[in-house]
1. For residues that are of a type in the set (F, W, Y), within 14 Å of chain B (Cβ to nearest Cβ) and closer than 13 Å to A:L122 by Cα, tally how many sit in segment A:56-111.
2. Which condition from (1) free of Cβ contacts under 8 Å to residues at least 12 places away in the same chain; (2) buried (at least 18 other Cβ atoms within 10 Å of the Cβ) is the one that B:P298 breaks?
3. Given the structure, is A:Y80 open to solvent by 30 Å² or more (accessible area, probe 1.4 Å), on the phi < 0 side of the Ramachandran plot, among the hydroxyl-bearing types (S, T, Y) and under 19 Å from the mean Cα position of the chain (by Cα)?
4. Can you tell which of B:V297, B:V324 is under 27 Å from the mean Cα position of the chain (by Cα) and within 30 Å of A:C54 (Cβ to Cβ)?
5. Working only within segment A:68-87, note down all residues that are under 15 Å from A:D44 (Cα atoms) and small (G, A, S).
6. Considering only residues that are crowded, with 24+ Cβ neighbours inside 10 Å and touching an Asp or Glu at 6+ places or on another chain (Cβ under 7 Å), which ones fall in segment B:262-276?
7. For segment B:322-329, indicate whether the set of residues that are among the β-branched types (V, I, T) and touching a residue at least 24 places away in the same chain (Cβ under 8 Å) is non-empty.
8. All but one of (1) over 12 Å from B:R375 (Cβ atoms); (2) of a type outside the set (V, I, T); (3) more than 19 Å from the chain's Cα centre (by Cα); (4) open to solvent by less than 40 Å² (accessible area, probe 1.4 Å) hold for B:P71; which doesn't?
Amino acid sequence: MYGYGLLKGLRVTLGNFFGRAVTEQYPERRPFISPRFHGFFQLDLKKCNGCGVCSLSCPNGAIQVTSERDENKKRFVTGYKISLGYCLFCGLCVEACPRDALRFTQEFELSSYRREDFVCDLLEIEKREKICSREPA
Amino acid sequence: MVFKRKTEDEVLQTERYQINLGPQHPSTHGVYQAILTLDGETVIDVENVIGYLHRGIEKLAEDRTYTQIIPYTDRLDYIAAMLNNLGYVQTVEKLLDIEIPERAEYLRVIMAELQRIASHMVFIGSFAIDIASITGWMYNFRDREKILDLLEMTCGSRITTSYMRIGGVAEDIPADFIPILERVLRELPEGLEEYDELLTGNEILIGRTKGVGVIDIDTALDYGIGGPNLRACGLPFDLRKVRPYGIYDRFDFEVPTGENGDSFDRFKIRLDEIRQSIRIIEQAIDNIPEGSVKSKVPRNIKPNAGEVYHQIEGARGILGYYLVSDGSTKPYRLHIHSPSLMSLGVFPEMTKGELIQDAVVNLASIDIVLGEIDR
C-alpha cells in the first residue's frame, strides 16, 4: 500500500514523542565530562622542573617554558605560557612529561572575547589558586 | 549575412544560466563550490571548485616529527578521525618494520569500527536532511552521541581523537569501557530498526533516490572511487577482505553490496555496513587479550631512508598514505590519497542530465568531507 512506509515512520516518531527526552539542558545542567577529557591544563609546581620536553613535543609550538638554575645547579621553572589559540588539545605534551607534572582538567569553557586571553600563564594561575585556597571562605 | 535556421533542439532549450552551489551552502557538506549550468531545471554541466579548506597539511607534515603528525591526521577527515590515525600510524610502522602488541591491535579494531559506525551515522543523518527529512538526522545523532561518549572516555576527545600512536595506542581503555560498549552494541540494532522504519521504507525517500545518480562499475573504476560508493555498484571490494591489514583477517564479516549503484543503494549499503561493524566489534570484545598497549619505540623516531605506501579501508573508501623518508626525524614528503576527492570526481558525471534537486541528493549520497579533499 502506498503510504504505508510514511505511517510506519510516524509510528516511530510518535513512540519517541512519549519517551524520555534525550536533549541536554546545557547551561542549567552541567554535562558529565569523562576524567580523561582534554580540557584546560594544570601544572603541578612541586613536580615541574622546567625541562621543556612538553614544549618540544608540541606539534604547533604552543608551549613556552623558561627555567633557571639555583645555587645547587638544580633547575626550576620560572615561566610557563601556553597559547590556547594554537593548541590542538592532542595531549602529546601531557604524555611526554617525564614527571607527570602536567595534566588535563575537565574545564571545557575556554572561549574568550580577546585574542590575548588565550595565552595562559599556568605558573600565575597556580600561584593565584594557592593564595585563594588559603583564604577563609 | 547568412541566417542559420535553428534546429528543433535549440528551439526547445531555454536560455542557459549558471548558478553557484556553495561555497556557503549547507548541502555542500563543507566549503565546496559547484558551478551548475542549467537548462530550465535540468543540470547540463557541473564544475567542481575545491580548495576553500586548504590548510597545507601535507606541507606542514614535512616540518613535524613522525609523532607530531598524528594530531594533523585528525583534521583530514574530521568525521572519522580514528581511521585517519590508524592509516597513518600503520604507514609509519610499515616503514619502521615494527610489531605492535596484540591488545593494541584489538583496541585499534574496536576504535576503528566504532568510528566507522559514527561516520556512517553522520552520512545517514545528513543524507536524510538533504531530502528534507530532519527527523532522520535527529535519530542518528542520538545514537552517534553514545559512540562519541565512548571515544571521549578512552582518548579524551570526541572528534579529534589522536588515539593511535606509532607502536600501539596512546593508553589502555578504562575499566568500565567494555560493559558500556556492550550496552551500546545492544542498543544500536534497535536504533537501526528505527532508521529502517523511518527512512528506508519511506516512499518519499525511495522516490527521490531510486534510479537517481546511477554510477556503473566501469565508471566507478575509471574514476578510482572505492569504499561504500564502489560496493553500491555491485563490486564486493573491501580492503579489509581483499588485502587485510592489521588483524582484520581474523574476523568473520560480510561485504554488503548494492545492485544498481544509485543513491538509494549508497544509502542502504551504509546501514548494512553498520551491522557488519557491530559484528566485528563483538568478535573483538570476545577475543581481546590482556597485556601492554604500546611496544617499545624510541622517542626520536628515525626511519631509514626509503618510501612506503599503505592503504586502509576508510569510512569513505580507500585511504592511502605515501611517506618518503630521508633518514631524518621528519618525513621528506607525505602524500594522502583521500577517498572523498575520488568520489567528488565522479559527481559531475553522475549529475549531468538530472534535475537540480537531484544534484543535492547525489552530492549527499557520495559522502564527501571537505577537510580530506582540500587537506
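The values are calculated or read from the model by the stated rules, or taken from the named source; none is laboratory data. None of the values given here were measured: they were computed from a predicted structure. We place every Cβ from the backbone using ideal geometry, glycine too, and count neighbours over all the protein chains shown. The protein model used for the area step is the full one, side chains on, heavy atoms only, and it has no ligands, DNA or RNA in it. Shrake-Rupley method; radii C 1.70, N 1.55, O 1.52, S 1.80 Å.
1. Going through segment A:56-111 one residue at a time, the tally reaches 1.
2. The single condition B:P298 does not satisfy is (2).
3. Answer is no for this residue.
4. Only one candidate qualifies: B:V324.
5. If the condition is that a residue be under 15 Å from A:D44 (Cα atoms) and small (G, A, S), then A:G79 is the only one that fits.
6. B:D265
7. Yes, there is a match, as at least one residue in segment B:322-329 is among the β-branched types (V, I, T) and touching a residue at least 24 places away in the same chain (Cβ under 8 Å).
8. Going through (1) over 12 Å from B:R375 (Cβ atoms); (2) of a type outside the set (V, I, T); (3) more than 19 Å from the chain's Cα centre (by Cα); (4) open to solvent by less than 40 Å² (accessible area, probe 1.4 Å) one by one, B:P71 breaks only (3).
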